[in-house]
Structure formats: structure tokens, C-alpha cells
Amino acid sequence: MPDRASVASVTTSETDPVRVRPFVWAVLPGLVLIVLGLLVFFSVLDSVREQDDLSNLDEPVLEWLVAHRTSGWTAVLATITFLTGPVVMPVGVAVGCVVWARAAQEWWRPVLLAGATAGAALLGLTVKGLVARPRPPSETMFVLGAPHTASFPSGHTLGTATFLLVAGYLVCSRRPSPGLIVAWGLATVIGTVLVGLSRLYLGFHFVTDVVAAVALAVVVLGVVSIIDRRHTGRLR
């Protein structure tokens, strides 16, 4: 007759995979997003430092957009860049999260969204300080108040992409209907492209700044996914 220690050992070895599987399922999607985002980000950063690959598009795209400015597009894209800037957007996100929390009678998702956007802003400022890439020439800028921070990555694009990606995840993960996922996905792509384009068109950033910002937003989404999936898993 087996002793109790042997039985306990067998039982533990049989149940360990069962315990590990939910943890892996909760963490793995977020880890994949983090790795993919970091791979793209460091690839773009390398191209900026080596002045090759994607960075070869920086000057030609900037010059073409500046040369083809029109009063109509300038007004539209200047408005977009103002609304997604460091003054208006944080206030809009904060108000939106408070309204969401009160309407839905929950705090977790609104707080997570607010924390993700704030964290993305801090991440962007940190990377700007570390990379210290100069902005495009001042003569190319449509001056709404010339920026004083470094160029890499684009803070406007990072903030917008993070907000749209994280909000979409938090909504669609609770209501995973194909129509909602497709609609939010399209809105995320269109919104991010418009903000990134506004920064390029107005002469405040290079293409590589915008691409790096989107990559970092994917990293933030991965972190949020891990935190949220672990939290909801504990609640269940």
C-alpha cells in the first residue's frame, strides 16, 4: 500500500499541468504582442541609428508632404493633431473613463485604460530622452507651438494607438462579436493612420518616429492583456 507522501507526489504531478495551463493561456497572447512590438521597435531604432532601411524614407516623405500641403488638409490635420495632443487628449481620456466607470458600474476596465494611456505617455517621454533624436528642420514645421521634446517616437501616435488598441481590447474581449471586432479594428487603423499622417504632414516627425510609436503601443497592449487576463482569471 503506497504511503501518503507517494500519493501526494502523484497527485501534485497530475494537477500541476492543470494549474499551469490557465496561466500560460493568460500570459502567452500578451507575451507574443510584447515580443513582436519590441522586435519592430528595435528594428526601426536600428535603422534610425544606422541611417538605412526604413529611415531612407524619412526625408523623401517629409519633403513630399511639405511640398503638397493645401489649406484644407492643413486645417483638418492640424485639428486632429491638436485634439490628440498632450493637453486635450489626457483630459478626454480621464473624463471618458470616469463616465464609463459610472455608467457600467465597474472600475477595473476604465482604470486599466487610463493607466495604459498614462503609462504609454511616460514610456514615450523616456524613450525620447534616451534616444534624443532631433526633430525635422524647423522650416518644415507647421507651427502650432513648436515642440520642445525629441522626435523619436511620436507621442501623439503612441497615445492614440495605445488608447484605441487598449480600449478595443477591453471592449471586444467582453463582447467578442465579429462585427464589433472588425469595426473597432478599422477604427483603430484609420484613427492611428490619421494621427500619424498629421504629424508627418505638419512636419513634426519622420516616418520612423510614427512606426516606432505604433510598435510601442502594441507592447503596451501586450502588457495590458497579461494584467487583465490574469485579473479576470483570478476572479473566475
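Quick one: which residues, 5 or more positions from residue 151 or on another chain, have an amide H under 5 Å from its amide H? H modelled 1.01 Å from N in the peptide plane, none for Pro or chain starts.
Here 133, 135 satisfy the definition.
If R0 is 25 Å, what FRET efficiency do you get for residue 98 and residue 78 from their C-beta distance, rounded to 0.05?
Efficiency at R0 = 25 Å is approximately 0.30.
Taking the dipole about the Cα centre of the chain, with the C-beta of Lys and Arg at +1 and of Asp and Glu at -1, give me whichever of 217, 205, 136 is farthest to the positive side.
Of the listed residues, the answer is 217.
Grab the DSSP H runs of the chain that are 4 residues or longer, score each as -39,500 (n - 2.57), total them, divide by all residues and round the 222 nm result to the nearest 500 deg cm²/dmol.
Theoretical 222 nm ellipticity from helices: -27000 deg cm²/dmol.
Which of the GluC sites (Glu not before Pro) found in segment 33-108 are loop residues per DSSP with 15 or fewer other Cβ atoms within 10 Å of their Cβ?
Of the GluC sites (Glu not before Pro), the ones in loops of segment 33-108 whose Cβ has at most 15 other Cβ atoms within 10 Å are 106.
Calculated from the structure, volume of the Cα convex hull per residue in Å³ equals which of (1) 133; (2) 168; (3) 338?
Of the listed options (1) 133; (2) 168; (3) 338, (2) comes from this structure.
Considering only 124, 92, 168, give the residue with the highest GNM mean-square fluctuation for the chain, with springs between Cα atoms whenever their separation is below 10 Å.
92
Could you give the size of the charge dipole of the chain about its Cα centre, using +1 on the Cβ of each K and R and -1 on the Cβ of each D and E, expressed in debye and rounded to the nearest 20?
1020 debye
Would you work out which of 87, 151, 167 lies farthest towards the positive end of the dipole of the chain? Charges go on Cβ: Lys and Arg +1, Asp and Glu -1.
Among 87, 151, 167, the one farthest towards the positive end of the dipole of the chain is 167.
Read the figures in this text as sums done on the coordinates, not as results from a lab. Computed from a predicted model, the values in this text were never measured in an experiment. So basically every Cβ, Gly included, is an ideal-geometry build from the backbone, and we count neighbours across all protein chains shown.
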